[in-house]
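Chemist: Pasting a structure below so you can have a look.
The values are calculated or read from the model by the stated rules, or taken from the named source; none is laboratory data. Everything numeric in this text was worked out from a predicted model, so none of it was measured. Neighbour counts run over all protein chains shown; Cβ positions are idealised from the backbone, glycine included. Accessible surface is based on the protein model in full, side chains and every heavy atom, while ligands, DNA and RNA are left aside. Shrake-Rupley method; radii C 1.70, N 1.55, O 1.52, S 1.80 Å.
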Amino acid sequence: MASGIIVKLKQPGSGGNGAVRPSALAFESTTRVQERLTSLSWRYQVPFVAHKQTAFAAHVLRAARPVPLAQAQAQAARLMLDPNVAWAIPNVIERPATAMVANDPWLYWQTWLRARDTGLRGVANVPKAWQAMASRSLSPVVIAVLDSGILPYADLAGRTWPGYDFVSEVEFARDGNGVDPDPSDPGNWLTASERAANPALYGVCPDHDSSWHGLSIASMLAAQTYNGLDGGGILAPLAGPVLLPVRVAGACGAEVSDIVEGMLWAAGIAYQGSPALNPHPARVINLSFGGDGSCAVTGQQDAAWLYRQTVAALKAKGTLVVASAGNGNDLGPQAQPSRPANCPGVLAVTALHPQGFKSSYANLVDAAAYPSLATHGGDVPLDPMEEPAGIVTVSNTGQRSPDPQGYVIQSMVGTSFAAPAAAGVAALMWAVDPNLSVDEVVAGLTRTALPHITAQEAASLGMPDLPTCEAGRNMGRCYCTASTCGAGRLDAEGAIQYALNELLLHPAGTGGLAGPSRVDYFSPSRAQVAAPSPDSSSNSGGGGATDSVSLAVLGLLMALTLMATTGRR
């Protein structure tokens with residue numbers, strides 16, 4: 001399904017598609033743009049009920065209701081027939097892919113933060129990294145979480161910068177408005193009755209309770225104390241605010257245009273119609289959402305092209321995108337990661353069972369095709385006698401709106417919960433050496449990754465008898481290779497040592513984030529609002545998603561109150 005079309009108009013007389021910087025400004029008045037879009041709508045039978053500017057100097061045309069993807073593709077193709085249209089892209093909506101199983105989190109309390117040992121060969125060995133950083137001068141680092149939003153959880157107090165809400169579809173937002181400076185999570189529930197009452201709008205989305213997914217990811221990264229709730233986050237060595245909450249996901253996932261805008265704003269990159277420039281640009285963006293589709297160059301301006309342009313702009317600014325590889329679908333794991341994890345310049349992260357073999361649900365990643373690695377993301381039990389092995393973090397018991405007294409520990413599984421470990425280690429590397437480039441951070445993560453455990457080695461280690469991973473054949477639980485699980489197993493200690501070695505080579509004042517920049521390939525018409533106050537991010541409200549492709553949450557929740565189940569949905 002798609003919510004409409006993203007279209008870029010050519011500048012009259014230019015003969016080309018114009019510059020492709022995200023910060024490009026409109027070259028015509030609002031009235032003239034409205035006239036041109038209306039004319040295109042009539043001539044090529046592409047109706048829309050609203051439009052807004054977006055990054056890359058493009059415009060989002062919103063249909064009255066979501067339409068089948070094939071219909072949107074046909075509309076985009078018709079618009080491309082016009083010599084005054086540079087490109088037209090369906091504003092695709094992608095759906096969440098989540099599942100819930102039960103678990104006793106006290107048995108597996110924060111395993112992903114434990115030291116590596118014979119039973120935890122899949123973890124990143126974070127304590128050793130923390131030890132290597134002890135007594136050293138660390139630079140402040142900001143990591144952005146593009147997700148469902150944030151809640152005022154006690155263990156995150158003082159750990160967040162003011163964020164933003166880019167969910168633009170009011171019907172999906174659950175906060176009563178669209179884009180605003182309040183990244184709080186109002187809930188992303190959807191009921192069966194709502195779907196039945198408006199199947200045209202909600203038909204592609206399964207009914208579900210609120211996930212509080214953004215809170216869970218934020219806690220993995222920024223929780224700073226072991227207080228009986230979640231035991232701390234990977235960024236515990238860094239004092240003060242470290243987290244930038246950016247809300248991009250609503251009741252039906254996250255649209256591509258909302259995600260692109262969230263990425264640009266998080267990195268401190270302006271674009272036409274953007275909110276006030278983010279004063280705390282992120283070095284790392286954690287994205288636990290993804291959708292089907294290749295990111296390969298096709299020669300067309302499509303969603304993949306939009307992602308490639310955005311990632312390139314972020315890299316030029318000095319910001320790394322870390323994305324979940326995805327949890328497969330009803331047919332099981334896929335041979336390729338979800339998009340944008342498969343885009344050039346993005347670090348793709350797939351999930352391992354804590355013992356070190358690939359998790360049953362996790363998509364494959366190929367180190368030869370794009371930067372990628374694997375780390376503990378938990379796994380669902382495949383046998384009633386098997387103990388679950390999840391990622392323990394915080395959630396909320398509110399089925400719709402958040403319950404102020406309902407913060408609980410839950411154990412979760414999914415590539416959603418593998419990506420924050422890699423994103424966190426990247427942030428710690430920049431804390432050690434802020435002059436590292438994006439390429440150097442990626443090299444440090446992938447080159448220091450430990451070799452995957454082979455099926456032959458597993459036999460001598462007393463590990464389960466599993467096949468070697470192979471695309472198209474063995475894609476469930478299996479022993480990894482570089483072509484199926486990336487460069488290796490994330491090693492936090494090795495990555496930090498890499499950063500310490502590089503620190504000796506970097507003169508003070510070199511590298512780091514580039515200054516303020518603009519891009520002109522994408523530009524939304526956003527309400528201009530005052531910049532949020534320094535404390536607003538921890539007490540703010542939430543937003544909705546209305547633009548392009550809605551990316552699916554890649555988490556598999558394991559709620560404590562449920563009975564043990566198997567399978568995925």
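Chemist: For residues in the stretch 278-302 being aliphatic (A, V, I, L, M) and either more than 14 Å from Asn342 (Cβ to Cβ) or open to solvent by less than 10 Å² (accessible area, probe 1.4 Å) (or both), which is nearest to the chain's Cα centre (by Cα)?
Modeler: So, considering only residues that are aliphatic (A, V, I, L, M) and either more than 14 Å from Asn342 (Cβ to Cβ) or open to solvent by less than 10 Å² (accessible area, probe 1.4 Å) (or both), the one nearest to the chain's Cα centre (by Cα) is Leu287.
Chemist: If you don't mind, another one. Looking only at the stretch 208-236, which residues are at pLDDT 90 or above and surrounded by fewer than 21 Cβ atoms within 10 Å (Cβ to Cβ)?
Modeler: His208, Asp209
Chemist: On to the next question. Six or more apart or on different chains, Cβ under 9 Å: which pairs go from a residue in the stretch 367-379 that's without any contact (Cβ under 8 Å) to a residue 24 or more places away in the chain to one that's of a type in the set (Ser, Thr, Tyr) and in a loop (DSSP other than H, G, I, E, B)? Could you list them?
Modeler: none
Chemist: Being touching a His at 6+ places or on another chain (Cβ under 9 Å), part of a helix (DSSP H, G or I) and surrounded by 22 or more Cβ atoms within 10 Å (Cβ to Cβ), is that true of even one residue in the stretch 476-495?
Modeler: yes
Chemist: If you go through the stretch 437-475 one residue at a time, how many are open to solvent by 40 Å² or more (accessible area, probe 1.4 Å), hydroxyl-bearing (Ser, Thr, Tyr) and in a loop (DSSP other than H, G, I, E, B)?
Modeler: Of the residues in that region, 2 qualify.
Chemist: Just to be sure, is Phe27 surrounded by 12 or more Cβ atoms within 10 Å (Cβ to Cβ), in a loop (DSSP other than H, G, I, E, B), modelled with pLDDT of 75 or more and of a type outside the set (D, E, K, R)?
Modeler: no
Chemist: Here is a follow-up. Looking at (1) modelled with pLDDT of 95 or more; (2) open to solvent by 40 Å² or more (accessible area, probe 1.4 Å); (3) within 30 Å of Thr191 (Cα to Cα), which is the only condition Asp147 fails?
Modeler: (2)
Chemist: Sort out which residues of the stretch 405-418 are part of a loop (DSSP other than H, G, I, E, B) and in contact (Cβ under 8 Å) with a residue 60 or more places away in the chain, and write them in order of number.
Modeler: Gly414, Ala418
Chemist: Tally up the residues in the stretch 185-202 that are surrounded by fewer than 24 Cβ atoms within 10 Å (Cβ to Cβ) and closer than 14 Å to Val246 by Cβ, please.
Modeler: 0
Chemist: Another question, then. Give all pairs with beta carbons closer than 7 Å in which a residue from the stretch 207-223 that is free of Cβ contacts under 8 Å to residues at least 60 places away in the same chain meets a residue that is open to solvent by 10 Å² or more (accessible area, probe 1.4 Å); count only pairs at least 6 apart in sequence or on separate chains.
Modeler: Sorted first by the residue in the stretch 207-223, then by its partner, the pairs are Asp207/Thr191; Asp207/Ala192; Asp207/Arg195.
Chemist: So which residues in the stretch 153-174 are over 23 Å from Ala276 (Cβ atoms) and either at pLDDT 95 or above or open to solvent by less than 20 Å² (accessible area, probe 1.4 Å) (or both)?
Modeler: Across the stretch 153-174, the qualifying residues are Tyr153, Asp155, Leu156, Phe172.
Chemist: Here's a follow-up. List the residue pairs whose Cβ atoms are under 7 Å apart, where the first residue sits in the stretch 41-53 and is closer than 20 Å to Glu261 by Cβ, the second is modelled with pLDDT of 85 or more and among the β-branched types (Val, Ile, Thr), and the two are 6 or more positions apart or on different chains.
Modeler: Here the result reads His51/Val60; Lys52/Val60, each pair linking the stretch 41-53 to a residue that is modelled with pLDDT of 85 or more and among the β-branched types (Val, Ile, Thr).
Chemist: When Glu35 is evaluated against the numbered criteria (1) modelled with pLDDT of 70 or more; (2) in a loop (DSSP other than H, G, I, E, B); (3) surrounded by fewer than 22 Cβ atoms within 10 Å (Cβ to Cβ), which criterion, by number, is the only one it fails?
Modeler: Of (1) modelled with pLDDT of 70 or more; (2) in a loop (DSSP other than H, G, I, E, B); (3) surrounded by fewer than 22 Cβ atoms within 10 Å (Cβ to Cβ), only one is false for Glu35: (2).
Chemist: Return the residues of the stretch 340-365 that are in a loop (DSSP other than H, G, I, E, B) and closer than 17 Å to Ala296 by Cα; say none if nothing qualifies.
Modeler: Pro340, Ala341, Asn342, Cys343, Pro344, Gly345, Leu364
Chemist: Quick check, is Pro275 in a loop (DSSP other than H, G, I, E, B), closer than 26 Å to Leu120 by Cα and in contact with a strand residue (DSSP E or B) (Cβ under 8 Å, 6 or more places away or on another chain)?
Modeler: Considered against the rule, which asks whether it is in a loop (DSSP other than H, G, I, E, B), closer than 26 Å to Leu120 by Cα and in contact with a strand residue (DSSP E or B) (Cβ under 8 Å, 6 or more places away or on another chain), Pro275 comes out as no.
Chemist: Do you know which of the residues in the stretch 343-364 that are within 17 Å of the chain's Cα centre (by Cα) and not hydrophobic (A, V, I, L, M, F, W, C) is most open to solvent (accessible area, probe 1.4 Å)?
Modeler: Pro344
Chemist: If Gly293 meets every condition in (1) at pLDDT below 95; (2) more than 21 Å from Ser3 (Cβ to Cβ) apart from one, which number is that one?
Modeler: Status for Gly293: all satisfied but (2).
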